[in-house]
Amino acid sequence: MVSQVNKVRLYWTLQLGGWSVYFLSQLVFSVLASEDPRISTARILFLIYESIFGLLLTHGYRYLINRWKWMSAGMSLLIPRVAGSVVLLGLLLYFVRLPISIPLGLYSREVAFNVSTIFGLTAIYALIFFLWSVLYFIYNYFERYNTSLKLEASVREIELNNLKSQLNPHFIFNALNSIRALVDENPEKAKQAINQLANILRNSLSTGKRELTKFEDELKIVQDYLGLESIRFEERLQTRFEIDPASRDFLVPPLMIQTLVENGIKHGIAKLTAGGTIHLKTYVHDDRLSIQLRNSGTYVNGSSGMGGGLGLENTRQRLKLIYGEAASFRILSENDNFVLTEVEIPHLR
């Protein structure tokens, strides 16, 4: 409601201001065009009447524009409509100003109905109405464009929040399963696992409302997660990190890398009797961050199911929402022993 009130206030401010400028400019022109620097009261009253009627005409014109929904019309329809309207408005303003000139003593039948005078002044008025139309349509175009951008941003934020809300329960469920397996067997390691989970949740909650988080913070979550999983898998899980120091300058979607690691363990290492390796490598080139995750396992024509999980699908959607076409995501098999998941994102400043 407040924004609508402000919009109406702005409209009337511009209307009154614009026609006041017109009145003053006509007043100055009348003085310059006359040999006598003084201007008569009758002339001033006539110009006031003319300006007021111009304001009323443009206000009525605005009403018809909105009623007939010209803002939604294409340029092929809009241009001839505006052209015809401004000529009609110019002609109307010319004739409605004549009656007031009679009592003011400014009326001359020969001048008023002279064809050259009619066409000349109508053309001037039409030009004024045309400039008014251009400013009005430009203002409304940008207002609609900004509204569209705000709506798009709101929808985008809702989609991202929905995706993150799907990721968090999925992650917590798997982490609690890991801890549950340790409670009876090794209470000390269970305490260690709880501390690691607490660190993960603390970091996750602090970045839960953000679209992006620091790479360094995301890396800590991954290290805590792998530490927790190493307790569960023991010697069956080996980890390697090769982190480009320049990676710390980048921002990444929260829990994205952890989701990829979790997927590699669930669909790769957990299915191997002997276990395997998680190898996380990053490098920066051409102001882009490449994140490569290699995990033991196989991925043949996508049939392993690694490309269809909720976590990976959310990762694809989040990357598209945040980076558009500027980010890339792929999964492929590297020989028969490793699966490569690679994400490449630009540097957002």
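Quick one: which of LYS7, LYS69 is loosely packed, with under 15 Cβ neighbours inside 10 Å and in contact with an Asp or Glu (Cβ under 9 Å, 6 or more places away or on another chain)? Break it down into steps so the answer makes sense when it comes.
Details: LYS69 fails: in contact with an Asp or Glu (Cβ under 9 Å, 6 or more places away or on another chain).
After ruling out the rest, the residue left standing is LYS7.
Given the options ILE278, ILE265, ILE257, name the one that is in contact with a Ser or Thr (Cβ under 8 Å, 6 or more places away or on another chain) and aliphatic (A, V, I, L, M).
On the way: ILE265 fails: in contact with a Ser or Thr (Cβ under 8 Å, 6 or more places away or on another chain); ILE257 fails: in contact with a Ser or Thr (Cβ under 8 Å, 6 or more places away or on another chain).
Answer to the check: ILE278.
Looking at region 279-300, which of its residues are part of a loop (DSSP other than H, G, I, E, B) and among the β-branched types (Val, Ile, Thr)? Break it down into steps so the answer makes sense when it comes.
Initially, region 279-300 is screened for residues part of a loop (DSSP other than H, G, I, E, B), giving 286-287, 297-300.
Across region 279-300, the qualifying residues are THR298, VAL300.
Given the options ARG97, ARG109, name the one that is in the same structural domain as PHE142 (by TED's automatic domain parsing), of a type in the set (Lys, Arg), at pLDDT 90 or above and more than 30 Å from GLU143 (Cα to Cα). Walk me through it before giving the result.
Working: ARG109 fails: at pLDDT 90 or above.
Answer to the selection: ARG97.
Among the residues of region 24-71, which ones are in a helix (DSSP H, G or I) and either of a type in the set (D, E, K, R) or more than 23 Å from LEU14 (Cα to Cα) (or both)?
In the first step, residues of region 24-71 are kept if they are in a helix (DSSP H, G or I); the result is 24-33, 41-67, 70-71.
SER30, VAL31, LEU32, ALA33, THR41, ALA42, ARG43, GLU50, ARG62, ARG67, listed by residue number.
Evaluate the following for LEU319: is it in a loop (DSSP other than H, G, I, E, B) and either at pLDDT below 90 or under 27 Å from the mean Cα position of the chain (by Cα) (or both)?
Details: in a loop (DSSP other than H, G, I, E, B): no; either at pLDDT below 90 or under 27 Å from the mean Cα position of the chain (by Cα) (or both): yes.
No.
Count, please, the residues in region 218-232 that happen to be over 11 Å from ASN199 (Cβ atoms) and either without any contact (Cβ under 8 Å) to a residue 12 or more places away in the chain or touching a helix residue (DSSP H, G or I) at 6+ places or on another chain (Cβ under 7 Å) (or both). Lay out the reasoning, then the answer.
Kept after step one, since they are over 11 Å from ASN199 (Cβ atoms), are these residues of region 218-232: 218-219, 222, 226, 229-232.
Narrowing the set further to residues that are either without any contact (Cβ under 8 Å) to a residue 12 or more places away in the chain or touching a helix residue (DSSP H, G or I) at 6+ places or on another chain (Cβ under 7 Å) (or both) leaves 218, 222, 226, 229-232.
Adding up the residues that qualify gives 7.
Pairs needed: first member in region 336-349, in contact (Cβ under 8 Å) with a residue 60 or more places away in the chain and under 20 Å from LEU319 (Cα atoms); second member anywhere, among the charged types (D, E, K, R) and assigned to a strand (DSSP E or B); C-beta distance under 9 Å; at least 6 residues apart or different chains.
THR341/ARG294; THR341/ARG330; VAL343/ARG330; ILE345/ARG288; HIS347/ARG288
Quick check on this structure: which one of LEU92, LEU16, LEU77 is aliphatic (A, V, I, L, M) and more than 37 Å from the chain's Cα centre (by Cα)?
Working: LEU16 fails: more than 37 Å from the chain's Cα centre (by Cα); LEU77 fails: more than 37 Å from the chain's Cα centre (by Cα).
Within the list LEU92, LEU16, LEU77, the selection yields LEU92.
If you go through region 40-69 one residue at a time, how many are more than 19 Å from PHE130 (Cα to Cα) and polar (S, T, N, Q)?
Final tally of qualifying residues: 2.
The values are calculated or read from the model by the stated rules, or taken from the named source; none is laboratory data. Predicted, not measured: the structure shown is a model, and the values here were computed from it. Please note: Cβ atoms are built from the backbone with ideal geometry, for glycine as well, and neighbour counts cover all protein chains shown.
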